Amino acid sequence: MAFRSRQASLIGRREVLNGKAKFGIFGDGKELAQLAMAKVFRKGDFRSGYYRDQTFMFAIGEHNFDEFFAQLYAHADLKAEPATGGRGMNAHFATRLLNADGSWKDLADQYNTSSDLSPTAAQMPRLVGLGYASKLYRQLKELKDLSQFSHNGSEVAFGTIGNASCAEGMFWEAVNAIGVLQAPVLLSIWDDDYGISVPNEFQLTADISRLLGGFQRSKGGDDGYDIYTVAGWDYPALIETYVKAAEIVRIDHVPTIIHVKELTQPQGHSTSGSQERYKPAERLKWEEEFDCLVKFRQWIVAEKLASAAELDKGEEQDRMEIEAIRQRAWEAYKTPIRKDTEAFADLLIEVAGASNHAGELDPTTTILPLAWMATSFPLTIVLGKSVVTFPSPPNDVSRPPPGL
């Protein structure tokens, strides 16, 4: 899953740079930590996260690769892109809370995620509410019968945020409120040491774990957080940390922060920039060496879970499969547009051919645009005495000619 998610990120950036999508932001470099988080996410739990969480969403089965590319292309069909109907920024996820008739779904029996927001740190205030809801379901006897929403407050609110957004006021206000309420929240901080092009040293006074140290609860107390720090490339340590932390949050309602450090961002912040322009050569070299997938592969081979040759074969299969899914999603997006374009082209051809001025129309400026819009070939266009047949689409048919 981690490798497949990475391929989706790589292909997604290519699609944007090829002009098939307007913008792309992806979760590459954070795959292993999100797999660990997914392992402790249970039905009834809620996520309040942001646009780096694609691997987590793939892992819990609430987002798939067809939907990933449909969202990238802004496919407006809810069947293809159920999170936002192509109307939101890519990598923005959501699950449905209501049935088609407006009644509540059984939220305690499904994986839940609040709809993602583009403003950074905007997920934090709603994380407070989601965590506090579980607290109230456990405390108030009047809520005990609402089993479709909670099973005695055993649900955890999982939050995710990037290191740079931890400099924002909403982050600190929310962290403080969660600590005061002792709400069952597990907050993951994905720390790749940069906020777009700005390193941590220019955004935060000190290491995030150090800054959060004052929120650490006293031993056995109920006056703060459990705080963990773990490397994002160390899979066994990630699993151990998340399993331990989630159990305490779920059973005892002790909020927890997991600071996942030493993460990377192989493609930079987004498709709008190039990290080679602002990261020093030493940092780029380090990121290649400590890429979580590189380390994960080394661990798999060292533990004899699979050989290098077996991994190579599987990775090649995954590349082909993700590329095939991308092509399928692109065709699904383009097909209705092609049909509308073809109908419009047929109408224009009919009108132009029947015009009293058909003989005056310049084939070089009229026929080629019509052929570009058509989708069925061979195509014959008659304009007065001019008859042109296109056995196949004209060159560069994917783009309109100049002036169209």
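The values are calculated or read from the model by the stated rules, or taken from the named source; none is laboratory data. It should be emphasised that the depicted structure is a prediction, and the values quoted were computed from it without experimental measurement. No Cβ is skipped: glycine too gets one built from the backbone with ideal geometry, and neighbour counts run over all protein chains shown.
Of everything in region 16-31, what is touching a residue at least 24 places away in the same chain (Cβ under 8 Å) and surrounded by fewer than 19 Cβ atoms within 10 Å (Cβ to Cβ)? Give them in sequence order. Scanning region 16-31 gives L17, K20, K22, F23. Restricted to region 177-229, and to residues there that are touching a strand residue (DSSP E or B) at 6+ places or on another chain (Cβ under 8 Å) and part of a loop (DSSP other than H, G, I, E, B), the residue that is farthest from F41 (Cα to Cα) is Q203. Pairs are defined by a Cβ separation below 8 Å, a sequence spacing of at least 6 or placement on different chains, a first member in region 322-347 that is under 17 Å from G19 (Cα atoms), and a second member that is modelled with pLDDT under 85; no pair meets this definition. Listed conditions (1) surrounded by fewer than 19 Cβ atoms within 10 Å (Cβ to Cβ); (2) within 22 Å of G49 (Cα to Cα) are all met by E201, apart from (2).
Can we say A332 is surrounded by fewer than 15 Cβ atoms within 10 Å (Cβ to Cβ), of a type outside the set (D, E, K, R) and in a helix (DSSP H, G or I)? For A332, the condition - surrounded by fewer than 15 Cβ atoms within 10 Å (Cβ to Cβ), of a type outside the set (D, E, K, R) and in a helix (DSSP H, G or I) - is not met. Scanning region 224-236 for residues being more than 15 Å from W190 (Cα to Cα) and of a type outside the set (D, E, K, R) gives a total of 3.
Scanning region 128-147 for residues that are of a type in the set (A, V, I, L, M, F, W, C), in contact with a helix residue (DSSP H, G or I) (Cβ under 6 Å, 6 or more places away or on another chain) and under 19 Å from V249 (Cα atoms) yields a single hit, V128. If we scan region 307-320, do we find a residue that is out of contact with any His (no Cβ under 9 Å at 6 or more places or on another chain), without any contact (Cβ under 8 Å) to a residue 40 or more places away in the chain, farther than 19 Å from Q7 by Cα and surrounded by 13 or more Cβ atoms within 10 Å (Cβ to Cβ)? No, there is no match, as no residue in region 307-320 is out of contact with any His (no Cβ under 9 Å at 6 or more places or on another chain), without any contact (Cβ under 8 Å) to a residue 40 or more places away in the chain, farther than 19 Å from Q7 by Cα and surrounded by 13 or more Cβ atoms within 10 Å (Cβ to Cβ). I'd like to check something: does region 170-182 contain any residue that is touching a residue at least 24 places away in the same chain (Cβ under 8 Å), surrounded by fewer than 19 Cβ atoms within 10 Å (Cβ to Cβ), under 15 Å from Y50 (Cα atoms) and within 28 Å of the chain's Cα centre (by Cα)? Scanning region 170-182, I find at least one residue that is touching a residue at least 24 places away in the same chain (Cβ under 8 Å), surrounded by fewer than 19 Cβ atoms within 10 Å (Cβ to Cβ), under 15 Å from Y50 (Cα atoms) and within 28 Å of the chain's Cα centre (by Cα), so the answer is yes.
Can you name the residue in region 108-127 that is surrounded by fewer than 22 Cβ atoms within 10 Å (Cβ to Cβ), aliphatic (A, V, I, L, M) and modelled with pLDDT of 95 or more and, of all such residues, is nearest to D252 (Cα to Cα)? Here the answer is A108. Taking region 1-93 and the helices (runs of 4 or more DSSP H) fully enclosed by it, the elements with 1 or more residues that are over 26 Å from T241 (Cβ atoms) and modelled with pLDDT of 95 or more are at 2-17, 65-73. Inclusion of A59 among residues that are free of Cβ contacts under 8 Å to residues at least 60 places away in the same chain, out of contact with any Lys or Arg (no Cβ under 7 Å at 6 or more places or on another chain) and closer than 19 Å to L186 by Cα is warranted.
Filtered by the rule that a residue be out of contact with any Leu (no Cβ under 8 Å at 6 or more places or on another chain), of a type outside the set (S, T, Y) and either part of a strand (DSSP E or B) or free of Cβ contacts under 8 Å to residues at least 24 places away in the same chain (or both), region 263-282 gives G268, P280, A281, E282.
In region 144-162, is there at least one residue being within 30 Å of Y278 (Cβ to Cβ), surrounded by 18 or more Cβ atoms within 10 Å (Cβ to Cβ) and touching a Pro at 6+ places or on another chain (Cβ under 8 Å)? No, because not a single residue in region 144-162 is within 30 Å of Y278 (Cβ to Cβ), surrounded by 18 or more Cβ atoms within 10 Å (Cβ to Cβ) and touching a Pro at 6+ places or on another chain (Cβ under 8 Å). Taken together, the residues in region 36-60 that are of a type in the set (V, I, T) and farther than 17 Å from L97 by Cα amount to 2. When region 115-169 is filtered for residues that are among the small types (G, A, S), in a helix (DSSP H, G or I) and either closer than 30 Å to A231 by Cβ or touching a residue at least 12 places away in the same chain (Cβ under 8 Å) (or both), the ones remaining, listed by number, are G131, A133, S134, A164, S165, A167, G169. Would you confirm whether any residue within region 246-262 is part of a loop (DSSP other than H, G, I, E, B), small (G, A, S) and over 19 Å from D207 (Cβ atoms)? Looking through region 246-262, none of the residues is part of a loop (DSSP other than H, G, I, E, B), small (G, A, S) and over 19 Å from D207 (Cβ atoms). Does region 231-240 contain at least one residue that is in a helix (DSSP H, G or I) and surrounded by 22 or more Cβ atoms within 10 Å (Cβ to Cβ)? Yes, because at least one residue in region 231-240 is in a helix (DSSP H, G or I) and surrounded by 22 or more Cβ atoms within 10 Å (Cβ to Cβ).
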